[in-house]
Each structure stands twice: as structure tokens, then as C-alpha cells.
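A short worksheet on the structure shown next.
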Amino acid sequence: SLPGARGRSPVAETGCRMNCQRPLRPLAIAACLGLLAGALLAGCASSSPHPFHQIGDAALLDAARHDLDRSEPERALEKCEALIGRATARKQREDAEFLKARCRLRMKQYEAAFEDLKSFVNTYQLSKHRAEDPLFSIGIALIDGGDTGFLGIRGFLGLSLEGVEVLRYLIKISHNGKHAADAQRIIAQYYFERAEFELAQLEYEAFLADHP
């Protein structure tokens, strides 16, 4: 017999051999594989740089503008979001924020574009970028139900109300701007088309008072 095994019963030795030779359960194997996969993914993520890491901020902004000019707003949006997350210069971050809203407008993500523009107006109150143009486009698109006509009101209740909300916001931030009169008139016409004549009258009176 082996040293140290003295006194051990045959039953104990048999149990020891069974425990030592017992295969891993499938759940344990799956857990180990999951841990290994997670470690590998974490390592890849930490070692893989951002796809735009070799492009400077100014060049990345120019590339985003170029993408939007080529009617590729999705690619432009990706670059804008990358730039917003890393830019240290306020001017470049400001340009990227405004371009991001324009990308969403081009992609017909009207509600997201509206939220982006409201945030932009609050953050960059003295910006050279004028939010009135995209806001007016969003309002018209929502009242139109997303179609290309100017006032082809379709009766899409939710969208139309959103359009009025956008136009009211436009009037609020730019009461004497180039789109303010048209926005006020379109709101009045919107209520008139829906046979809400009392509201239409109030809007027309406000239009005449503000834009005689």
C-alpha cells in the first residue's frame, strides 16, 4: 500500500477516484466559456481605437459636412457624434452640434432634430448658426405629415400638433425673424383647415398685430 494511505478504506478510495475523475458539468463549461469570451471582447475593445482616431477634429468636421452635401446624413451623423464626444474646442463642438441637428432633419428624424435644436439654442445663444431655418423646415414637414408639399395637411393629429409646437417655438425664439410671419400665418391656416375657427381667428389676429 502507498504511504499515507494506511487506514483508508477501499470505499473511501473508490469515492476519491470517482470525485477526481468526474467530468465538468455543461453549465460549468458554459460559464467558463462565457468568462473567456467576455475577457477577449474587453481586451479587443480596449486595444481597438475609434475608427476616426487618426483624423483631426477640423478634418473630421469637414468630412461630416462633405457627407451631408453628398446626401449621406447617416455617415455625417456618425462623425458629428464622434466629434462632439471628443472635441475640446467650443467652436468645433458648436459646429458639430448644429450639423448633427441638420443630419437628423435630413434623415426625417424630426422630433430628434427638434430636441437637438432646442438644446443648441439654449447652449449657444450667440451662435452664428441660425436655428430658424431648420426649425421652420421641421414644422412644415410635421404639419404636412412628412410629405414634400407645403401645406398638404393630412389630418395626422399627432404630427400636426407637433408641427404647430415647433412653429410656436420658432416664433418664441425669433419673434421678428424671417420665418416668424410665415409661421404665425401657417398656424392660423392650420386651425382654419381643421374648422377650428375660433382658434384660427385668434391666430390671424395675432398675425395681423405682429405683422401689420
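The values are calculated or read from the model by the stated rules, or taken from the named source; none is laboratory data. The model shown is predicted, which means the values in this text are computed figures rather than measured ones. No Cβ is skipped: glycine too gets one built from the backbone with ideal geometry, and neighbour counts run over all protein chains shown. The protein model used for the area step is the full one, side chains on, heavy atoms only, and it has no ligands, DNA or RNA in it. Shrake-Rupley method; radii C 1.70, N 1.55, O 1.52, S 1.80 Å.
What's the number of the only condition in (1) touching a helix residue (DSSP H, G or I) at 6+ places or on another chain (Cβ under 7 Å); (2) without any contact (Cβ under 8 Å) to a residue 12 or more places away in the chain; (3) closer than 23 Å to Ala183 by Cβ that Tyr124 fails to meet?
Result: Tyr124 passes all but (2).
Under the condition of being farther than 16 Å from Thr123 by Cα and buried (at least 16 other Cβ atoms within 10 Å of the Cβ), which residue from region 82-92 is nearest to the chain's Cα centre (by Cα)?
Filtering region 82-92 for residues that are farther than 16 Å from Thr123 by Cα and buried (at least 16 other Cβ atoms within 10 Å of the Cβ), the one nearest to the chain's Cα centre (by Cα) comes out as Ala82.
For the subset of region 139-153 comprising residues that are closer than 16 Å to Ala188 by Cα and open to solvent by 40 Å² or more (accessible area, probe 1.4 Å), which member is modelled with the highest pLDDT? Quick ask: steps written out before the conclusion?
Initially, region 139-153 is screened for residues closer than 16 Å to Ala188 by Cα, giving 139-140, 142-144, 150-153.
Still in the running and open to solvent by 40 Å² or more (accessible area, probe 1.4 Å): 150-151, 153.
Numbers: Phe150: 42, Leu151: 46, Ile153: 43.
Among those residues, the one meeting the criterion is Leu151.
Look at Tyr169 and say whether it is open to solvent by less than 30 Å² (accessible area, probe 1.4 Å) and hydroxyl-bearing (Ser, Thr, Tyr).
In short, no.
Quick check on region 47-81: of everything there that is within 29 Å of Gly139 (Cβ to Cβ) and among the aliphatic types (A, V, I, L, M), which residue is surrounded by the most Cβ atoms within 10 Å (Cβ to Cβ)? Break it down into steps so the answer makes sense when it comes.
Within region 47-81, the first condition is being within 29 Å of Gly139 (Cβ to Cβ), and the residues that meet it are 61, 64-81.
Keeping just the survivors that are among the aliphatic types (A, V, I, L, M) gives 61, 64, 68, 76-77.
Numbers: Leu61: 22, Ala64: 28, Leu68: 20, Ala76: 25, Leu77: 22.
It comes out as Ala64.
For Asp62, are the conditions met, namely being more than 30 Å from Lys172 (Cβ to Cβ), over 14 Å from the mean Cα position of the chain (by Cα) and not small (Gly, Ala, Ser)? First the steps, then the outcome.
Values: more than 30 Å from Lys172 (Cβ to Cβ): yes; over 14 Å from the mean Cα position of the chain (by Cα): yes; not small (Gly, Ala, Ser): yes.
When the stated conditions are applied, Asp62 passes them.
Mind listing just one residue for me: the one in region 172-184 that is surrounded by fewer than 18 Cβ atoms within 10 Å (Cβ to Cβ) and free of Cβ contacts under 8 Å to residues at least 40 places away in the same chain and, of those, farthest from Leu117 (Cα to Cα)?
Ala181
Residues of region 93-138 being assigned to a loop (DSSP other than H, G, I, E, B), open to solvent by 30 Å² or more (accessible area, probe 1.4 Å) and of a type outside the set (D, E, K, R), which ones? Walk me through how you get there before you give the answer.
Filtering region 93-138 down to residues assigned to a loop (DSSP other than H, G, I, E, B) leaves 107-109, 124-131.
Filter again for open to solvent by 30 Å² or more (accessible area, probe 1.4 Å), leaving 107-109, 125-126, 128-130.
Those that are assigned to a loop (DSSP other than H, G, I, E, B), open to solvent by 30 Å² or more (accessible area, probe 1.4 Å) and of a type outside the set (D, E, K, R): Met107, Gln109, Gln125, Leu126, His129.
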